[in-house]
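Participant: Quick one: structure below, then a few questions.
The values are calculated or read from the model by the stated rules, or taken from the named source; none is laboratory data. The structure presented is a predicted model; accordingly, all values stated were derived computationally and were not measured. In this analysis, Cβ positions are derived from the backbone assuming ideal geometry, glycine residues included, and neighbour counts consider all displayed protein chains.
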Amino acid sequence: MSERPKYYITTAIAYTSGKPHIGNTYEIVLADAIARYKRIQGYDVFFQTGTDEHGQKIELKAEEAGVTPKEFVDNVSAEIQRIWDMMDTSYDKFIRTTDGYHEKQIQKIFKKLYDQGDIYKGHYEGMYCTPCESFFTESQLVDGKCPDCGREVQPAKEEAYFFKMSKYADRLIEHINAHPEFIQPVSRKNEMMNNFLLPGLQDLCVSRTSFKWGIPVDFDPKHVVYVWLDALSNYITGIGYDCGGDCTEQFRKDWPADLHLIGKDIIRFHTIYWPIFLMALDLPLPKQIFGHPWLLQGDGKMSKSRGNVLYADELVDFFGVDAVRYFVLHEMPFENDGVITWELMVERLNSDLANTLGNLVNRTVSMTNKYFGGVVSDKGAAEEVDGDLKAVMESTAKAVDAKMNDLRVADAMTEIFNLFKRCNKYIDETMPWVLAKEEAKKDRLETVLWNLIQGISAGGRLLEAFMPSTSRKILSQLNEGHVTDKPEILFQRLDLKEVLQKVEELHPPVEEADQDAQEEEQTVIDIEAKPEITFDQFGAMQFQVGEIIACEEVPKSKKLLCSKVKVGSQVKQIVSGIKAHYTPEDMVGKKVMVLVNLKPAKLAGVLSEGMLLCAEDAEGVLSLMAPEKDMPAGAEIC
């Protein structure tokens, strides 16, 4: 008997700054679906997740809470693990970067890299973003703010150790070019190559002295190991890597990882820093890194005071675990961001789960009990329509396999539900209730019900990786032609108005008198005043409503989009630094406010003939200004 092939899959480890929302939870559910599917295929799967627990942000939050950093991360890590367990995820190991073995190995890795000349001591001076725990040069900032999160940065200077990134850059470029599957989707690969690797890598700061909550550099204790060398190495320490060469059997079996599953916001750290660290340690690189998109709130930026922060446990209370799993897996595109709202959740529960799937199982079990006492077999009374159903059953399994091999999980689920829809159509085509009226068609009726059970069972088995509890319930009710006495309701339909009323009760709108108490939610922003202007000066500026009819990214730019804007009978080309906030697809069709008589200028080599007006909040989030009512393109703004 041949040994089972191994499959090592990881998620990014969750940062212990607070409770994860549903967007964070999406990643563990996605990884779980892939891991379960690989196990079904016969792979020896090892699925690792965990928590990232060091850094200045944790130190500050612990101080605010009046507890030690270790007490703070213990509480948050336990909450994260509770939510992962609640979502029925089948991880094999939950690593914490405060685990003793991990901390010891990080110290050994740091010393090894220092001894071989890859790490050196120097001073860092630059702009520092505390939430991202990242330094940036002035040229890397976007509008003077952090290029990753858009928040304010502060000047900082301190002694630090640095890693010689440029030493390995050419080797990494060669690896990426030779392994097109290494970074997925392809758009993420292009971004890393064009924006970071090809322009040239700067040396990376890998230690800090301005805070204490981290793993001490054992030969220079005033330094602690900086976040990314610590956090990224969990992928090898968690399976028994030893820098001194005494690695475990598991490490020798499972490394390199088959898949690192991460959010698109940390793709740079995983596809540039991590591979270079591994090269320096003389270890193989992971086979694939997939930067998945984000799951966004449908009504804008998450805000506790507005009640639109969605947490997995709250959604589960309303819809159940498998319904939430279905939504986050099915509604997330392969490459673009997905959207979640209470309204969408209710709509999907009622249409896809309660109707397409739940009603199908219910009808089939009920008819089998009504007409044959719960037991049917294949009587061979076949008709042409049966062959089409069986063909869909066979093709669905192959299609799901192909989609999963390409990590297109949402598409795989669509294939399964297409099979359930075909089963519903089969009922309409064969009309069992009509067949039941004629004794001569009893064999045909039994064959139809047998075919239905086979089709639903095939779909139920395919659901195992995505909705494990629902899969078990379906298969236990059908039981290969010996159905249960009474069908179990898989999903109960919900009334949208009732759901929204309960949500409002849970998250009542903040009254004006209470808004001052919401310190984390700024309702007003004061900015530095500019010199006064005269009415004539204001009148010299021409503002009109424009309609964006086309939009695309500006090549080799990290922040620019180029829009074609219809203003009256003219079409103007306008370049805007809003790529971090809008995709080209988001832009098309919007009515916006345009400064149309701004002197044309070239931005990144592209001509811009005006300016789109935006509002900006305290965290640097931009929102295009739009007329309150639907106004025609060209309408004057005065």
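Participant: Tell me, please, whether a residue that is modelled with pLDDT of 85 or more, of a type in the set (S, T, N, Q) and loosely packed, with under 14 Cβ neighbours inside 10 Å can be found in region 461-478.
Facilitator: Taking region 461-478 as the starting set, the residues that turn out to be modelled with pLDDT of 85 or more are 461-478.
Imposing the further condition that a residue be of a type in the set (S, T, N, Q) reduces the set to 469-471, 476-477.
After this cut, where a residue has to be loosely packed, with under 14 Cβ neighbours inside 10 Å as well, the list is 476.
Checked region 461-478: at least one residue is modelled with pLDDT of 85 or more, of a type in the set (S, T, N, Q) and loosely packed, with under 14 Cβ neighbours inside 10 Å.
Participant: Quick check: is even one residue across region 315-323 crowded, with 22+ Cβ neighbours inside 10 Å, among the aromatic types (F, W, Y) and outside the structural domain of V29 (by the TED database)?
Facilitator: Scanning region 315-323, I find at least one residue that is crowded, with 22+ Cβ neighbours inside 10 Å, among the aromatic types (F, W, Y) and outside the structural domain of V29 (by the TED database), so the answer is yes.
Participant: (1) in contact with a Ser or Thr (Cβ under 7 Å, 6 or more places away or on another chain); (2) closer than 29 Å to F290 by Cβ; (3) outside any helix (DSSP H, G or I): which one isn't true of L407, the others all being true?
Facilitator: Among (1) in contact with a Ser or Thr (Cβ under 7 Å, 6 or more places away or on another chain); (2) closer than 29 Å to F290 by Cβ; (3) outside any helix (DSSP H, G or I), L407 violates only (1).
Participant: A further question on this structure: From the set of residues in region 537-587 that are closer than 21 Å to C149 by Cα and among the polar types (S, T, N, Q), which is surrounded by the fewest Cβ atoms within 10 Å (Cβ to Cβ)?
Facilitator: T583
Participant: Tally time: how many residues in region 26-64 are touching a Phe, Trp or Tyr at 6+ places or on another chain (Cβ under 6 Å) and hydrophobic (A, V, I, L, M, F, W, C)?
Facilitator: Looking only at that region, the number is 8.
Participant: State whether one or more residues within region 600-611 are farther than 13 Å from C562 by Cβ, surrounded by 14 or more Cβ atoms within 10 Å (Cβ to Cβ) and in contact (Cβ under 8 Å) with a residue 40 or more places away in the chain.
Facilitator: no
Participant: Tell me which residues, restricted to region 348-387, are in contact (Cβ under 8 Å) with a residue 40 or more places away in the chain and either over 30 Å from R444 (Cα atoms) or touching a Gly at 6+ places or on another chain (Cβ under 7 Å) (or both).
Facilitator: Those that are in contact (Cβ under 8 Å) with a residue 40 or more places away in the chain and either over 30 Å from R444 (Cα atoms) or touching a Gly at 6+ places or on another chain (Cβ under 7 Å) (or both): L349, N350, T368, V375, V376, S377.
Participant: Looking at region 427-486 only, could you name the residues that are assigned to a helix (DSSP H, G or I), without any contact (Cβ under 8 Å) to a residue 12 or more places away in the chain and on the phi > 0 side of the Ramachandran plot?
Facilitator: N479
Participant: Taking the options A35, A78, name whichever one is among the aliphatic types (A, V, I, L, M) and over 27 Å from C247 (Cα atoms).
Facilitator: Just a single option satisfies the conditions, and that option is A78.
Participant: Filter region 248-268 for residues that are within 19 Å of G50 (Cβ to Cβ) and modelled with pLDDT of 95 or more and give the result.
Facilitator: Those that are within 19 Å of G50 (Cβ to Cβ) and modelled with pLDDT of 95 or more: T248, Q250, F251, D254, W255, P256, A257, D258, L259, H260, L261, I262.
Participant: Still on this structure, please answer the following. In region 159-192, what count of residues is obtained for those that are within 18 Å of H260 (Cβ to Cβ) and of a type in the set (A, V, I, L, M)?
Facilitator: 5
Participant: Based on what the data block shows, is D242 in a loop (DSSP other than H, G, I, E, B) and not assigned by the TED database to the domain that holds V621? Before the answer, list the steps.
Facilitator: On the way: in a loop (DSSP other than H, G, I, E, B): yes; not assigned by the TED database to the domain that holds V621: yes.
Answer is yes for this residue.
Participant: Confirm whether L172 is within 27 Å of the chain's Cα centre (by Cα), more than 16 Å from Q288 (Cβ to Cβ) and either buried (at least 18 other Cβ atoms within 10 Å of the Cβ) or in contact (Cβ under 8 Å) with a residue 24 or more places away in the chain (or both).
Facilitator: Answer is no for this residue.
Participant: Further question: Quick one: which of A615, A635 is of a type in the set (A, V, I, L, M), exposed (fewer than 15 other Cβ atoms within 10 Å of the Cβ) and in contact with a strand residue (DSSP E or B) (Cβ under 6 Å, 6 or more places away or on another chain)?
Facilitator: A615
Participant: Tell me which strands (runs of 3 or more DSSP E) are completely within region 502-583 and hold 2 or more residues being more than 30 Å from L607 (Cβ to Cβ) and at pLDDT 70 or above, or say none if there are none.
Facilitator: none
Participant: Being in contact with a Ser or Thr (Cβ under 9 Å, 6 or more places away or on another chain), assigned to a helix (DSSP H, G or I) and within 28 Å of K6 (Cβ to Cβ) is the filter here, so list the residues in region 34-65 that pass it.
Facilitator: A35, R36, R39
Participant: Which one of these is part of a loop (DSSP other than H, G, I, E, B), within 22 Å of the chain's Cα centre (by Cα) and either outside the structural domain of E343 (by the TED database) or modelled with pLDDT of 90 or more (or both): K212, K287?
Facilitator: After applying the criteria, what remains is K287.
Participant: State whether the residues of region 12-33 include one that is aliphatic (A, V, I, L, M) and modelled with pLDDT under 95. Give the steps one after another, and end with the answer.
Facilitator: Step one: list which residues in region 12-33 are aliphatic (A, V, I, L, M), which gives 12-14, 22, 28-31, 33.
Filter once more, so that each one left must be modelled with pLDDT under 95: 22.
Yes, that holds for at least one residue.
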